[in-house]
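So the structure is just underneath, and the comments pick up after that.
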């Protein structure tokens, strides 16, 4: 393992996974997992054999992480099961906060329970709600969707 500011380089052997070997697993060594600074799911970006990769690194239950590659992804990366690959990874920093559109902000101001739940949502959940509401452009449909969304947001649910 070689570490430079924000980036971690290592070599790993690709393993087959899934029924019929439809997926390829890229094991991330324990020391690399420790350098990522999180035992849970970690969003990473980098390269595999010089080709771009962006994927979640999932805990493997053995102190490391694994990155699942679909067959299409592994073909795009030029990687096969049993092949050693040079990997350069870096942790994707926290996503920028997602702001509610003005009509949702106004509705959240009048619903304390929904506003509290909204403030606890991570950026991807907020983005999902913003996208859900953006699907309706007509004012009456949008108002109905916001009303429905408030009830679900108050329960901590995503669309």
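The values are calculated or read from the model by the stated rules, or taken from the named source; none is laboratory data. Everything numeric in this text was worked out from a predicted model, so none of it was measured. In this analysis, Cβ positions are derived from the backbone assuming ideal geometry, glycine residues included, and neighbour counts consider all displayed protein chains.
Taking the stretch 13-29 as the region of interest, how many residues are loosely packed, with under 14 Cβ neighbours inside 10 Å and without any contact (Cβ under 8 Å) to a residue 60 or more places away in the chain?
Residues that pass the stated criteria total 4.
What helices (runs of 4 or more DSSP H) completely inside the stretch 36-131 contain at least 3 residues that are touching a strand residue (DSSP E or B) at 6+ places or on another chain (Cβ under 9 Å) and crowded, with 16+ Cβ neighbours inside 10 Å?
Here the list reads 71-77.
Which of the residues spanning the stretch 138-158 are in contact with a helix residue (DSSP H, G or I) (Cβ under 6 Å, 6 or more places away or on another chain) and in a loop (DSSP other than H, G, I, E, B)?
156, 158
Scanning the stretch 15-35 for residues that are modelled with pLDDT of 80 or more and assigned to a strand (DSSP E or B), which turns out farthest from residue 72 (Cα to Cα)?
Ranking the candidates gives 28 first.
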